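Engineer: Quick one: structure below, then a few questions.
The values are calculated or read from the model by the stated rules, or taken from the named source; none is laboratory data. Not measured: the values here are computed from a predicted model. Neighbour counts run over all protein chains shown; Cβ positions are idealised from the backbone, glycine included. Just the protein is used for accessible areas: all its heavy atoms, side chains included, with ligands, DNA and RNA removed. Shrake-Rupley method; radii C 1.70, N 1.55, O 1.52, S 1.80 Å.
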Amino acid sequence: MRAEMAVMGELELLSVRGSFNAELLSPDTKYKVEFVLRFRKRKHVSGWDKNPVRTILIPPGETLKEATQKQVNLAEIGSEEPFEILVGELFIPQFISHGEVQFHLDEKKEKKTGLVIKGVKITPA
């Protein structure tokens with residue numbers, strides 16, 4: 001098992017994108033995709049109370065227009081302990097068990113500091 005984290009300094013544009021092959025998932029199963037995050041110590045955290053972040057989940061064969069998009073206020077749910085935010089849920093039908101699943105996390109309006117991205121969690125829902 002490999003563990004990597006991204007610790008952010010000050011930034012104005014947050015844009016985290018990833019993908020994985022749907023062939024890695026079991027067909028006819030519903031999954032949820034979550035970002036695992038945490039904040040640094042409070043004195044090193046700012047800017048997250050002004051605008052929500054946007055999460056996007058694009059299942060195989062779908063476009064950004066068809067994607068699941070959510071707005072999440074990290075200031076309301078975040079802490080120094082790890083927490084998850086749901087990007088979305090997807091069902092992998094047996095006849096479409098291939099293709100790419102894409103996920104995004106972004107916010108583009110304010111300066112912000114102190115977010116730690118621990119990873120992405122994909123589990124049966």
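Engineer: Condition first: on the phi < 0 side of the Ramachandran plot, out of contact with any Asp or Glu (no Cβ under 9 Å at 6 or more places or on another chain) and in a loop (DSSP other than H, G, I, E, B). Now tell me which residues in segment 2-34 satisfy that.
Structural biologist: Initial filter on segment 2-34 (on the phi < 0 side of the Ramachandran plot): 2-27, 29-34.
This time we only want the ones that are out of contact with any Asp or Glu (no Cβ under 9 Å at 6 or more places or on another chain), so: 2-11, 18, 23-27, 29.
Scanning segment 2-34 gives R2, A3, E4, M5, M8, G9, E10, L25, S26, P27.
Engineer: Moving on to the next point. Any chance you could count how many residues in segment 99-113 are surrounded by 13 or more Cβ atoms within 10 Å (Cβ to Cβ) and assigned to a loop (DSSP other than H, G, I, E, B)?
Structural biologist: Residues in segment 99-113 being surrounded by 13 or more Cβ atoms within 10 Å (Cβ to Cβ) and assigned to a loop (DSSP other than H, G, I, E, B): 2 in total.
Engineer: Can you pull out the residues in segment 35-51 that are farther than 22 Å from Q69 by Cβ, open to solvent by less than 70 Å² (accessible area, probe 1.4 Å) and in a loop (DSSP other than H, G, I, E, B)?
Structural biologist: Selection gives V45 alone.
Engineer: Would you confirm whether or not segment 67-81 contains a residue that is part of a strand (DSSP E or B), among the hydroxyl-bearing types (S, T, Y) and without any contact (Cβ under 8 Å) to a residue 60 or more places away in the chain?
Structural biologist: The first filter runs over segment 67-81 and keeps only residues part of a strand (DSSP E or B), leaving 68-72.
Narrowing the set further to residues that are among the hydroxyl-bearing types (S, T, Y) leaves 68.
With without any contact (Cβ under 8 Å) to a residue 60 or more places away in the chain added as a condition, the list becomes 68.
So far as segment 67-81 goes, yes, one or more of its residues are part of a strand (DSSP E or B), among the hydroxyl-bearing types (S, T, Y) and without any contact (Cβ under 8 Å) to a residue 60 or more places away in the chain.
Engineer: Now for a separate question. Can you pull out every residue in segment 82-125 that is closer than 24 Å to T63 by Cα, under 13 Å from the mean Cα position of the chain (by Cα) and in contact (Cβ under 8 Å) with a residue 60 or more places away in the chain?
Structural biologist: V101, Q102, F103, H104, L105, D106, E107, G119, V120, K121, I122
Engineer: While we're looking at this one, here's another question. Quick one: would you say L86 is among the aliphatic types (A, V, I, L, M), assigned to a strand (DSSP E or B) and surrounded by fewer than 17 Cβ atoms within 10 Å (Cβ to Cβ)?
Structural biologist: Spelling it out, L86 is indeed among the aliphatic types (A, V, I, L, M), assigned to a strand (DSSP E or B) and surrounded by fewer than 17 Cβ atoms within 10 Å (Cβ to Cβ).
Engineer: I've got another one for you. Mind telling me which of the residues T68, T55, T63 ends up being surrounded by fewer than 17 Cβ atoms within 10 Å (Cβ to Cβ) and modelled with pLDDT of 90 or more?
Structural biologist: Unique residue meeting the criteria: T63.
Engineer: Moving on. Checking P60 against (1) within 17 Å of G99 (Cα to Cα); (2) in a strand (DSSP E or B), which single condition isn't satisfied?
Structural biologist: (2)
Okay, residues lined up against (1) closer than 20 Å to E84 by Cα; (2) surrounded by 15 or more Cβ atoms within 10 Å (Cβ to Cβ):
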position: M5; (1), (2): yes, no
position: E10; (1), (2): no, no
position: L14; (1), (2): yes, yes
position: R17; (1), (2): yes, no
position: V33; (1), (2): yes, yes
